Amino acid sequence: MDLGLTNRKALVLGSSSGLGRAIAHTLAAEGAEVAIAGRDPGRARKAVEECGGRLAVTGDLSVAGEATRLVEEAARGLGGLDVIVVNTGGGTPGGILDMTGESRDKAYHSMLRPALEAALAAVPYLKKSSQGNSFAGRMIFITARSVLEATPELALSSVFRSGVAAAARSLALELAPEVLVNVVVPGQFDTPAYTRFEAWLASREGIEAAAMRRENEKAIPLGRLGRAEELADVVTFLCSARASFVTGSVIRVDGGAVVGF
């Protein structure tokens, strides 16, 4: 199946490692010209080399103005922008009552604020992409399971990533038909970030990390963690010409883990 991504210009935020890197790799494999974004210049350049990306842009998304700069730098380097995948960092684990003012502010500046800043910065480029072109621009937000069901140990993620999902729904209405906007909800994936979170859970419960992994896998109907490339395949399809009638959707990729309809 031809996904129609050859020479499409894509920026993937948070793509020097983990799920973002897998998304960048898969988009590049489908022929897209990909800008890889991360905080560490060395890791970002390495990801470009190993994933077949076109260029690296680096900066800390938690700093106001950096998301805009990265979008503009990527658009200049690629000669435009057809696709943006908004993938930001997470917050401190724990419940609402566990949080300090500092951790709440940090969560806001790592999840909601940069996602909105990046999206708004990308809008003019994505709109221009669709002019005189049958390919509407694509905006994909990577959120978390906490936007669909209460996750007490990730309370701040529930608060701010739910805000991202709400903003995405509004953007889908405001930007149609020029730009298609969707939300992807990852479940538990075998990534360094998830391993760190799992270690935190194990420490809190007073058990070994391996035992926590087994418990978590049992709770997933498919009986295992996801592989990063499995999420990347779904995101890449949503970015493609084949997903031309999908906008305003929240799409789970979680092995059936979310309990709900």
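Does segment 11-25 contain any residue that is in contact with a Ser or Thr (Cβ under 6 Å, 6 or more places away or on another chain), over 19 Å from Phe141 (Cα atoms) and not acidic (Asp, Glu)? Checked against the condition, which is being in contact with a Ser or Thr (Cβ under 6 Å, 6 or more places away or on another chain), over 19 Å from Phe141 (Cα atoms) and not acidic (Asp, Glu), segment 11-25 yields no hits at all. Within segment 117-140, the set of residues being hydrophobic (A, V, I, L, M, F, W, C), at pLDDT 95 or above and open to solvent by less than 10 Å² (accessible area, probe 1.4 Å) comprises Ala118, Ala119, Ala122, Leu126, Met139, Ile140. Set side by side, the residues Asp254, Asp233 differ, and just one is open to solvent by 80 Å² or more (accessible area, probe 1.4 Å) and either modelled with pLDDT of 90 or more or touching a strand residue (DSSP E or B) at 6+ places or on another chain (Cβ under 9 Å) (or both), which is Asp233.
Every residue, every condition in (1) of a type outside the set (Gly, Ala, Ser); (2) in contact (Cβ under 8 Å) with a residue 60 or more places away in the chain; (3) open to solvent by 30 Å² or more (accessible area, probe 1.4 Å); (4) under 26 Å from Ala155 (Cα atoms), yes or no:
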site	(1), (2), (3), (4)
Ala35	no, no, no, no
Pro41	yes, no, yes, no
Ser62	no, no, yes, yes
Glu72	yes, no, yes, no
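Can you find a residue in segment 33-48 that is among the aliphatic types (A, V, I, L, M), touching a Lys or Arg at 6+ places or on another chain (Cβ under 7 Å) and in a helix (DSSP H, G or I)? So far as segment 33-48 goes, yes, one or more of its residues are among the aliphatic types (A, V, I, L, M), touching a Lys or Arg at 6+ places or on another chain (Cβ under 7 Å) and in a helix (DSSP H, G or I). Taking residues in segment 87-112 that are open to solvent by 90 Å² or more (accessible area, probe 1.4 Å), and partners anywhere that are part of a helix (DSSP H, G or I), the pairs with Cβ atoms closer than 7 Å and at least 6 places apart or on different chains are Ile96/Ala155; Arg104/Leu156. Of all residues in segment 237-261, which are of a type outside the set (A, V, I, L, M, F, W, C) and in a helix (DSSP H, G or I)? Passing the criteria: only Arg242. One residue alone among Leu171, Leu180, Leu148 is at negative phi and touching a Lys or Arg at 6+ places or on another chain (Cβ under 6 Å), and that residue is Leu180. Report whether or not Ser158 is part of a helix (DSSP H, G or I), hydroxyl-bearing (Ser, Thr, Tyr), open to solvent by less than 50 Å² (accessible area, probe 1.4 Å) and on the phi < 0 side of the Ramachandran plot. Yes: the conditions hold for Ser158.
Residue by residue, here is whether (1) in contact with a helix residue (DSSP H, G or I) (Cβ under 8 Å, 6 or more places away or on another chain); (2) assigned to a loop (DSSP other than H, G, I, E, B); (3) under 25 Å from Ala228 (Cβ atoms) holds:
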| site | (1), (2), (3) |
| --- | --- |
| Ser62 | yes, yes, yes |
| Leu70 | yes, no, yes |
| Arg76 | no, no, no |
| Gly80 | yes, yes, no |
| Val85 | yes, no, yes |
| Arg138 | yes, no, yes |
| Ala150 | yes, yes, no |
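Filtering segment 74-86 down to residues that are out of contact with any Lys or Arg (no Cβ under 6 Å at 6 or more places or on another chain) and aliphatic (A, V, I, L, M), which residue is surrounded by the fewest Cβ atoms within 10 Å (Cβ to Cβ)? Out of the qualifying residues, it is Ala75.
The values are calculated or read from the model by the stated rules, or taken from the named source; none is laboratory data. Please read all numbers here as calculations on a predicted model, not as lab measurements. Here Cβ is always computed from backbone atoms with ideal geometry, including for glycine, and neighbour counts include all displayed protein chains. Accessible surface is based on the protein model in full, side chains and every heavy atom, while ligands, DNA and RNA are left aside. Shrake-Rupley method; radii C 1.70, N 1.55, O 1.52, S 1.80 Å.
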